[in-house]
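The values are calculated or read from the model by the stated rules, or taken from the named source; none is laboratory data. Everything quoted here is computed from the prediction, not taken from an experiment. Cβ: placed from backbone, ideal geometry, glycine included. Neighbour counts: every protein chain shown.
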Amino acid sequence: MQLSAYSDYSLRVLMHAALRGPERVTVDEVSETFGISRHHLVKIVHDLGRHGYLHTQRGIGGGFTLGRAPESIRLGDIVRLGEETEKVIDCIDRPNRPCRIFPACRLKGVLDEAAAAFFAVLDDYTLADLVKQPSRMRTALGI
């Protein structure tokens, strides 16, 4: 399973904000630090702000800070925001037609169980867990 770029970038934005807090961070700083398109980051920062994970301020001197304590931001919640679905497969062979083996196949159930386990593990970790070594991370990121 591979995370969408949206989920990946969301986690990076939050990690950057946690490492810089309480200072404001700009989209341009995150873009430069990680080599990510500014265009992609603007949408992500906006969405994270709408969901209360960031406090955003527009205009001169603007930027963003964490909207919640790092200990209260569960990784599973962030990844769920970025993924279209928690389903791995949908068992549709052709438009509006189920796969021929669907009635006898156990694959979907196994993959659903695996996805549930994936999110259960993510739910056990918070943003604080990702930034437990702040000085080493700041050095690695050049911030």
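Observations on the structure shown:
- Taking the listed residues ALA128, ALA117, ALA140, ALA104, the one that is free of Cβ contacts under 8 Å to residues at least 24 places away in the same chain, closer than 21 Å to TYR9 by Cβ and small (Gly, Ala, Ser) is ALA140, with no other qualifying.
- Selection status of ALA104, among the hydrophobic types (A, V, I, L, M, F, W, C) and farther than 21 Å from GLY49 by Cβ: yes
- Index of the failed condition, SER10 passing every other in (1) over 15 Å from GLU83 (Cα atoms); (2) at pLDDT 95 or above: (1)
- Restricting attention to segment 57-68, the residues that are touching a residue at least 12 places away in the same chain (Cβ under 8 Å) and of a type in the set (A, V, I, L, M, F, W, C) total 2.
Yes or no, residue by residue, for (1) surrounded by 12 or more Cβ atoms within 10 Å (Cβ to Cβ); (2) in contact with a strand residue (DSSP E or B) (Cβ under 7 Å, 6 or more places away or on another chain); (3) without any contact (Cβ under 8 Å) to a residue 60 or more places away in the chain:
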| residue | (1), (2), (3) |
| --- | --- |
| ILE36 | yes, no, yes |
| HIS55 | yes, yes, yes |
| LEU75 | yes, yes, no |
| CYS99 | yes, yes, yes |
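- Residues that are surrounded by fewer than 17 Cβ atoms within 10 Å (Cβ to Cβ) and closer than 10 Å to LEU14 by Cα, drawn from segment 58-67: THR65
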